[in-house]
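Okay, so here's the structure we're looking at.
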Amino acid sequence: MNSPVRLSRFDRRRMAVSFEFFPPKDEAMEKVLWESIERLKPLAPNFVSVTYGAGGSTRERTHATVKRILGETPLTPAAHLTCVAATRAEIETIVRGYHDAGVRHIVALRGDSVEGAGARYAPHPGGYANAADLTAGIKRIAPDIEVSVSAYPEKHPDSPTVEADIDMLKAKVDAGATRAMTQFFFENDLYFRYLDRVRARGIDIPIVPGILPVQNYKAMTGFAARCGASVPSWLAERFHGLDDDPATRKLIAAAVAAEQVIDLVDRGVTAFHFYTMNRADLVYAICHLLGLRPESSFLSLSRRERVPERSEGG
């Protein structure tokens, strides 16, 4: 067994992480969200992102969550923003509002149709057409805002081919995006094949792998079907028969995520974006595995020394 050797090597590597949350719908979910933020906060992530519902359905809750993170924590928030059901003037108001509040990082996304999964996306006649157009708009409105975008190792469900999807990523980079976080995946070879194709197109921004610890297997499969992510048969086998056994499910989820992250690190990846689903335990455990510890444990190292600005695999 060589895992102790591998783990000790992680302790010496410089890892960069970011965490994604979604705005809570009610008081109980609000409590869970802030317990998770408090749990993960000491790990000093590069940033934490807050999602934005279809058609801006969570707009006010997203704004409130971002502003609370700014006001009550030392964390750097990145607000998600989509093109859906909004005019350019409305988007400009939102961007300027974020800028005035102190937000300097936006995750620019096309977004899904307001009619739900499977419905054909149609740009707002007075809005931005896609994420590249939105990125250019954000940079025009507030040039000092950093823009991150999405990337799809298995292509976006609406893209005809992976090459067409990479064309869109190139357009987003040309418009001013400086980082991409991938849709989640479970087969690491998918990520590395995609990274090779992206680099071959001359795209050199960080392509940070998005990691989804499986908090709920059934919910994950539905999400994967909607976003075009494949669920390998070996993963289904891991969770088979555990529908009524949440304790074992959690252990299996931790093992699956740990195996994936260890393999990515062994192959050169040093940055990760975690889809937390507003739950901290699995994400915290994986970060611990990566050698990340609360800042108080590393008073001799500054955050800048420990967390590189542009770190990724490939």
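The values are calculated or read from the model by the stated rules, or taken from the named source; none is laboratory data. Fair warning: this is a prediction, and the values are worked out from it, not measured in the lab. Don't worry about glycine lacking a Cβ; one is built from the backbone with ideal geometry, like all the others, and counts go over all protein chains shown.
Total residues in region 129-182 satisfying the condition of being over 18 Å from the mean Cα position of the chain (by Cα), crowded, with 19+ Cβ neighbours inside 10 Å and among the basic types (Lys, Arg): the figure is 1. Output the residue which, of all residues in region 195-223 that are closer than 17 Å to VAL162 by Cα and more than 17 Å from the chain's Cα centre (by Cα), is surrounded by the most Cβ atoms within 10 Å (Cβ to Cβ). So the residue we want is VAL198.
For region 101-192, which strands (runs of 3 or more DSSP E) that fit wholly inside it have 3 or more residues that are of a type in the set (A, V, I, L, M, F, W, C) and at pLDDT below 95?
Numbers: elements: 105-109, 146-151, 179-182.
Because the criterion is at least 3 residues that are of a type in the set (A, V, I, L, M, F, W, C) and at pLDDT below 95, no strands (runs of 3 or more DSSP E) in region 101-192 meet it.
Residue by residue, here is whether (1) among the small types (Gly, Ala, Ser); (2) in a helix (DSSP H, G or I); (3) at positive phi; (4) surrounded by 16 or more Cβ atoms within 10 Å (Cβ to Cβ) holds:
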{"residue": "ALA225", "(1), (2), (3), (4)": "yes, yes, no, no"}
{"residue": "TRP234", "(1), (2), (3), (4)": "no, yes, no, no"}
{"residue": "ASP244", "(1), (2), (3), (4)": "no, no, no, no"}
{"residue": "ARG249", "(1), (2), (3), (4)": "no, yes, no, yes"}
{"residue": "ALA253", "(1), (2), (3), (4)": "yes, yes, no, yes"}
{"residue": "VAL256", "(1), (2), (3), (4)": "no, yes, no, yes"}
{"residue": "ASP263", "(1), (2), (3), (4)": "no, yes, no, no"}
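Among the residues making up region 166-201, those that are touching a residue at least 12 places away in the same chain (Cβ under 8 Å) and small (Gly, Ala, Ser) are ALA171, ALA175, GLY176, ALA177, ALA180.
Selection over region 45-76 of residues that are farther than 19 Å from VAL107 by Cα and either buried (at least 17 other Cβ atoms within 10 Å of the Cβ) or touching a residue at least 60 places away in the same chain (Cβ under 8 Å) (or both) gives a count of 0.
Is it true that PRO42 is more than 24 Å from GLY176 (Cα to Cα), at pLDDT 95 or above and in contact with a Ser or Thr (Cβ under 9 Å, 6 or more places away or on another chain)? Reasoning before the result, please.
Working: more than 24 Å from GLY176 (Cα to Cα): yes; at pLDDT 95 or above: yes; in contact with a Ser or Thr (Cβ under 9 Å, 6 or more places away or on another chain): yes.
Taking the combined requirement at face value, the residue satisfies it.
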